[in-house]
Every structure is written in C-alpha cells, then in structure tokens.
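Asks: Got a structure here, written out as structure tokens. Questions coming.
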Amino acid sequence: MLHCARGLELRLSHVRPLRKRMDIDRLAVVSGGSGEPVLFIHGFGFSKFTWRHLCQSLQDSFTYYAIDLPGSGSSPAPSGLEYSLEGLSDVVADFIVGKELRNLMLVGWSLGGGIALLSLLRHAPELIPRIKRLCIIDGIAYPQKFPFFVGLLRIPILGPSLQRFLPPGSLAHAVLRYCYSDPRLISKEQIREYAGHLRKKEVRQALTRTARSIDAGRLSDYIARINTIDVPALLIWGSEDRAVPLEIGLRLASELKHSRLVVIEGCGHMPQEERPDEVIAAIRQFARDSEPFCARAVGTPRTKA
C-alpha cells in the first residue's frame, strides 16, 4: 500500500495543476497595421508603451498587438492569478490561441523575452504551428544576478516599503537611468508614463509577487530545453546592458537552432526605446531573410519542446 501511494505521488508530481485563467479580453492592448501579426511582450515594471516606436514604424508591414501583462500598465490584476513567469507565459499562450493568431512573430523584451520562451516551451503543441518567428530583445533566459529593481522587491518588508514611500517619478527615473546607456535620451514623457502605473497599488503588488516567484531551480527544466525551440529567432542586445548582460545573449544565440544575434553598440537594456531605428531595421531585415526558411517549414512538423 505504501509503495502504491509513493508511486501515485511521483506520477502526480508531474501533472500540471489546474490554473486560474485570465480573461484575455480584459487585457489592455493596442493594435493596428496590416500584414502578418506581431505580438509584443513588455518587461518587468513597464507596459505596452515601450513598443510605441516599433508599432508606429512597422504598421505598414505587420498587424501589431502590444499587450499589458496582468498587473502591469492598464491591465487588471485579478486575485488568485499566478504572477510567476510560468503563469504569465500561460496568459500569453491563451492570448495567441484565443485571438487565433497565426504566422506570428512573437517579440519579447527583458522579462517579456523569458515569458516568450516559456510560452513556447510550456505550450509547444498549441503554439509551434502558430509562431513563424521569434524575436528576443535583451531577454532573460538563464540564472543571473537580479537587476537592482527586481532584487529590492524580493526583500521582505523593505521592497514593498520602498515602492510605497519612494515618489513614483523618482523610482521610474532611477530604473530608466539603469536601463539606458545614455540617460540624456530619457524623456519626461517616459518618466510620467511609467510613474503613473507605479502609483497603482495593484501594480505594485503584482510586481512584488512576480519578483519573488522567480526561481532558477524551478525553471531549470525549461532552461535545459531551450535548444529544442525550432523557429527562426532574432536576438537583439545592447552592448552596454547592465540588467541582462550581453553574455546571456551570446549563450542564447548558441543554443537556439536558427538564431541571429544583432548587437547594438553603445546601447543599454532598452534598445526599442534608446535606439528604436536600429531595432526596426533589424526586425525588417530578419523578416525578409527568414522568409525562405519559413516557406520551407510550412507543412513540415517542427521539433516539439
């Protein structure tokens, strides 16, 4: 009897628990343009606002969707939702399937890059037939030192207290300065936009929950399977990124089968805002160059994670 109970416990440990689903129609989203779809996933503490330059410039070639993740930007923060990387990746997968997106380019920046990778790994049967291209911009992928603004929130009592008592404008400006190589390029509009969301209690609580949920040990199984992702991938990195250093991008480029790494010299963690023209040019070139591979892959089963 004890032997059977242990066997059952081992089998159940591999069953993914039932999760509370986010109603994807409640997510804040901006969309427009025409052509094949592209979905933009923002980073930790930011919002869809970070994609404004890319959406504006790429709308002649792509139908764009830029979402606010649950508990970020203007999206609600439902109670009971899992705000871990895994939970957020499930929301992204639900959005892709629910909106019937196909021939999709999935673009993730920073935390959003890690969420994009997890979405593919956790939901390969549903997403691999839908995702045509992957673009990771300074994205998390492997164990590393936490950026200061994530590390602070992981400290009990101190992290939430700093969020509560520091002026949101000062906090937003400090994070932007950390993310930029040339802080002279930071605008008042950016500070005002990101500070506005940090004033919301539900956003601060969701960010704290996400920061504290990041567990390299729990994610190790997914990290080991990154090399099974079999779609054309563009990696864009700032050479001066302090939040997710370039060595992360180099390692990711070596493990993704069909990847190209574009390094933007003298740029920090936010190329899509600090050097948007170079990011836009890289994405356009990637879309053109990867088309022959994508055409060959149509109707051919790809490696599943």
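Asks: Which residue pairs have Cβ atoms under 9 Å apart, sit 6 or more places apart or on different chains, and have a first residue in region 188-208 that is on the phi > 0 side of the Ramachandran plot and a second that is charged (D, E, K, R) and at pLDDT 95 or above?
Replies: none
Asks: Okay, next question. Listed residues Gly45, Gly87, Gly32; which is of a type in the set (Gly, Ala, Ser), assigned to a strand (DSSP E or B) and either touching a Ser or Thr at 6+ places or on another chain (Cβ under 9 Å) or within 21 Å of Ile191 (Cα to Cα) (or both)?
Replies: Residue meeting the stated conditions: Gly32.
Asks: Residue under question is Ser220, and the condition is that it be over 30 Å from Gly169 (Cα atoms) and either without any contact (Cβ under 8 Å) to a residue 40 or more places away in the chain or touching a Gly at 6+ places or on another chain (Cβ under 7 Å) (or both); does it hold?
Replies: Yes; evaluated as a whole, the condition is true for this residue.
Conditions (1) of a type in the set (D, E, K, R); (2) more than 20 Å from the chain's Cα centre (by Cα); (3) more than 25 Å from Asp277 (Cβ to Cβ), marked per residue:
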residue	(1), (2), (3)
Leu176	no, no, no
Gln190	no, no, no
Arg209	yes, no, yes
Ile214	no, no, yes
Ala224	no, no, yes
Ser254	no, no, yes
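Asks: Shifting gears a bit: If you check Ser79, Ser74, Ser57, which single one turns out to be touching a helix residue (DSSP H, G or I) at 6+ places or on another chain (Cβ under 7 Å) and either surrounded by fewer than 24 Cβ atoms within 10 Å (Cβ to Cβ) or in a loop (DSSP other than H, G, I, E, B) (or both)?
Replies: From the options Ser79, Ser74, Ser57, the qualifying one is Ser57.
Asks: Pick from region 207-227 the residues that are buried (at least 17 other Cβ atoms within 10 Å of the Cβ) and among the polar types (S, T, N, Q): which of them is farthest from Phe40 (Cα to Cα)?
Replies: Looking at residues that are buried (at least 17 other Cβ atoms within 10 Å of the Cβ) and among the polar types (S, T, N, Q), I get Thr208.
Asks: Out of the residues in region 258-274 that are touching a residue at least 40 places away in the same chain (Cβ under 8 Å) and of a type outside the set (Asp, Glu), which is surrounded by the most Cβ atoms within 10 Å (Cβ to Cβ)?
Replies: Met270
Asks: Checking the conditions here, which among Ile96, Ile131, Ile137 is buried (at least 21 other Cβ atoms within 10 Å of the Cβ), β-branched (Val, Ile, Thr) and in contact with a Gly (Cβ under 8 Å, 6 or more places away or on another chain)?
Replies: Ile137
The values are calculated or read from the model by the stated rules, or taken from the named source; none is laboratory data. Bear in mind that the values here come from a model prediction, so they are computed numbers and not experimental data. Reconstructed Cβ throughout: ideal geometry from the backbone, glycine too, with neighbour counts over all protein chains shown.
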